[in-house]
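Trainee: Before we start, here is the structure in question, set down as structure tokens.
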Amino acid sequence: MEGNTELLNYIHQNCQMGIETLSQLIDIVEDDKFSQQLSSQLGEYKSVDELVSNKLNVLGEIEKGISNMTILSTYMSIGLKTLTNSTPSHISEMLIQGSTMGIIDITKNMNKYANADKSILKLADCLLSIEQCNIECLKEYLC
């Protein structure tokens with residue numbers, strides 16, 4: 001099937017970004033309910049990422065994660081954006097913007113690799129659903 005490895009690596013990178021971002025934000029957040037919401041989202045990204053890793057291993061492929069520079073840049077950006085405002089509303093807005101970008105990218109990649117294995121497209125669709133649900137859950141914290 002065409003694009004299996006590429007689509008799996010895209011899903012892995014998207015999950016990795018979510019894991020890195022949420023892990024950093026959970027340490028910043030002081031609101032328990034909001035922290036639990038972020039922890040739940042983190043668990044979803046980790047679950048999908050584990051399935052992707054297993055699928056890549058079965059295919060004999062190596063994960064291609066996001067670069068250390070991207071991780072560092074994201075870490076610094078989050079630090080700056082939450083330095084003066086770490087409220088659930090502000091962080092939710094940041095995460096909604098990130099998930100929206102994720103939805104766009106996932107959709108593009110699902111269209112680009114429409115001939116990929118159905119099980120891999122199902123993982124991509126699962127990630128798409130997670131991003132959509134994350135947005136809906138985070139709307140509660142906007143004010």
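Trainee: For Ile66, indicate whether it is among the aliphatic types (A, V, I, L, M) and in contact with a Leu (Cβ under 7 Å, 6 or more places away or on another chain).
Mentor: Here the answer is no, as Ile66 does not meet what is asked.
Trainee: Since Ser92 meets every condition but one in (1) within 21 Å of Glu6 (Cα to Cα); (2) touching a Leu at 6+ places or on another chain (Cβ under 9 Å); (3) surrounded by 13 or more Cβ atoms within 10 Å (Cβ to Cβ); (4) modelled with pLDDT of 95 or more, which condition does it not meet?
Mentor: (1)
Trainee: Another one. Cβ contacts < 8 Å: first residue within 12 Å of Val52 (Cβ to Cβ), restricted to the range 113-132; second residue charged (D, E, K, R) and part of a helix (DSSP H, G or I), any location; separation 6+ or different chain. Result?
Mentor: Pairs found: Ser119/Lys55; Ile120/Lys55; Leu123/Lys55.
Trainee: On to the next question. Could you figure out which of (1) part of a helix (DSSP H, G or I); (2) in contact (Cβ under 8 Å) with a residue 40 or more places away in the chain; (3) loosely packed, with under 14 Cβ neighbours inside 10 Å isn't true of Leu142?
Mentor: (1)
Trainee: Of Thr82, Thr74, Thr70, which residue is surrounded by 14 or more Cβ atoms within 10 Å (Cβ to Cβ) and over 30 Å from Asn4 (Cα atoms)?
Mentor: Thr82
Trainee: For the range 10-50, how many residues are over 10 Å from the mean Cα position of the chain (by Cα) and crowded, with 19+ Cβ neighbours inside 10 Å?
Mentor: 6
The values are calculated or read from the model by the stated rules, or taken from the named source; none is laboratory data. Given the structure is predicted, the values throughout are model-derived calculations rather than measurements. Using ideal geometry, Cβ is built from the backbone for each residue, glycine included, and neighbour counts are taken over all protein chains shown.
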